[in-house]
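> Structure in structure tokens, see below.
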Amino acid sequence: MSSEKVILCVDDEVDILELFRDEFIDCGFKVLEASNGVDAFEIFKNNDIDCVVSDIRMPGGDGVSLVKNIKETGADIPIFLVTGFSDYTAEDLSGLGVSAVIFKPFDLEEVVEMIGNTVKKSS
């Protein structure tokens, strides 16, 4: 069994996926990617995922639906949602079990450090 932590990154913007992927790989994580919540949930069901970082608004399955689907499985993993604009408050999302909401524009290094530290602490 591998001790490598796996982060699932979900965003419909390829540039954002590439940024997160490259940074998390540089930090020693394995990264899986999806471009929407539906595909991400399939990846989640078929892999051991330690953390999810997802955009909220995406065609083909949004981040909030993804959070709800993951939580229905009983999984207790950190989930971070990224948004430039949301119809949800941070309190609404926290109530769903989201670890943190990251608002665009964000400082990539700070976000990666925060997520990385959270993933390393969770087991």
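The values are calculated or read from the model by the stated rules, or taken from the named source; none is laboratory data. Given the structure is predicted, the values throughout are model-derived calculations rather than measurements. Cβ: placed from backbone, ideal geometry, glycine included. Neighbour counts: every protein chain shown.
Residue-by-condition table, conditions (1) among the basic types (Lys, Arg); (2) touching a helix residue (DSSP H, G or I) at 6+ places or on another chain (Cβ under 7 Å); (3) modelled with pLDDT of 95 or more:
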site: PHE24; (1), (2), (3): no, yes, yes
site: VAL31; (1), (2), (3): no, yes, yes
site: GLY37; (1), (2), (3): no, yes, yes
site: ASN47; (1), (2), (3): no, no, yes
site: PRO59; (1), (2), (3): no, no, no
site: VAL67; (1), (2), (3): no, no, yes
site: LYS71; (1), (2), (3): yes, no, yes
site: PRO78; (1), (2), (3): no, yes, yes
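> If you go through the stretch 109-121 one residue at a time, do you hit one that is in contact with a Leu (Cβ under 6 Å, 6 or more places away or on another chain) and either surrounded by 17 or more Cβ atoms within 10 Å (Cβ to Cβ) or at pLDDT 95 or above (or both)? Give the steps one after another, and end with the answer.
Our first condition is that a residue be in contact with a Leu (Cβ under 6 Å, 6 or more places away or on another chain); within the stretch 109-121, this holds for none.
The answer is no, given that none of the residues of the stretch 109-121 is in contact with a Leu (Cβ under 6 Å, 6 or more places away or on another chain) and either surrounded by 17 or more Cβ atoms within 10 Å (Cβ to Cβ) or at pLDDT 95 or above (or both).
> Within the stretch 33-45, which residues are farther than 14 Å from ILE79 by Cα and not hydroxyl-bearing (Ser, Thr, Tyr)?
First pass over the stretch 33-45, keeping only residues farther than 14 Å from ILE79 by Cα: 33-36, 38-39, 42-43, 45.
Matches in the stretch 33-45: GLU33, ALA34, ASN36, VAL38, ASP39, GLU42, ILE43, LYS45.
> In the stretch 60-116, how many residues are without any contact (Cβ under 8 Å) to a residue 40 or more places away in the chain and either assigned to a helix (DSSP H, G or I) or among the aromatic types (Phe, Trp, Tyr) (or both)?
Qualifying residue count for the region: 23.
> Keeping to the stretch 1-10, report how many residues are out of contact with any Ser or Thr (no Cβ under 7 Å at 6 or more places or on another chain), over 16 Å from MET114 (Cβ atoms) and either at pLDDT 95 or above or crowded, with 18+ Cβ neighbours inside 10 Å (or both).
Going through the stretch 1-10, the residues out of contact with any Ser or Thr (no Cβ under 7 Å at 6 or more places or on another chain) turn out to be 1-9.
Then drop every residue that is not over 16 Å from MET114 (Cβ atoms), which leaves 1-4, 6, 8.
Narrowing the set further to residues that are either at pLDDT 95 or above or crowded, with 18+ Cβ neighbours inside 10 Å (or both) leaves 6, 8.
Number satisfying all stated conditions: 2.
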